[in-house]
1. For a quick check: with amide H placed at 1.01 Å from N, whose amide H comes under 5 Å from Phe45's, ignoring anything fewer than 5 positions away on the same chain?
2. Taking the highest mean first, how do the peptides 133-141, 100-108 order by number of other beta carbon atoms within 10 angstrom per residue?
Amino acid sequence: MSTVRSGAINPSRSVGEYRQADHEQLGCGRRIHTDLLAGRLTLSFANISNALPLVRDGKLRGFAVTSIKRSGAAPDLPTMAESGYPGFEAVPWFGLMAPAGTPPAIVDKIHGEIVRVLAMPDVKKRLAELGIDLIGGSPAEFAAAIDSETPQWAKLIKAAGIRASE
């Protein structure tokens with residue numbers, strides 16, 4: 001069986017459990033899906049917003065979501081915890097960042113515009129169709145979320161011996 005992952009691996013699982021599979025790092029979403037559709041891969045952890053259209057079209061089969069709760073966009077897919085992997089959570093997130101030292105007035109203006117756009121009904125609807133849950137929050141809350149996740153991912157990266165490539 002050939003497997004690949006796109007996105008994150010849950011740091012609560014042991015590195016050895018991930019090494020048991022025949023992992024190939026092929027890059028991001030679209031290439032992975034091409035190889036799944038062509039039969040070169042048999043399994044992938046993929047971002048729901050990329051995989052869900054293919055699942056809906058019957059081209060790929062979804063087994064589970066990696067969030068703690070079921071996705072509103074795919075309520076029939078169980079969570080990994082419901083599928084026998086308690087504590088499994090690996091949820092990709094998207095955020096907008098600016099260089100350190102960006103004046104607070106500029107950060108606040110950009111944040112206000114993002115909040116305004118994300119509140120638009122058509123934007124909310126389209127993101128929900130893609131399986132993207134809007135969380136929102138302030139720049140300080142986003143920074144705190146990054147700070148809280150960094151140690152768990154650093155531990156996994158170190159344990160796996162992962163190094164930055166040039």
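1. Answer set, sorted by chain and number: Val4, Arg5, Ser6.
2. 133-141, 100-108
Coordinate-derived values only; no laboratory data. What you see is a predicted model; the values in this text were computed from it and never measured. Please note: Cβ atoms are built from the backbone with ideal geometry, for glycine as well, and neighbour counts cover all protein chains shown.
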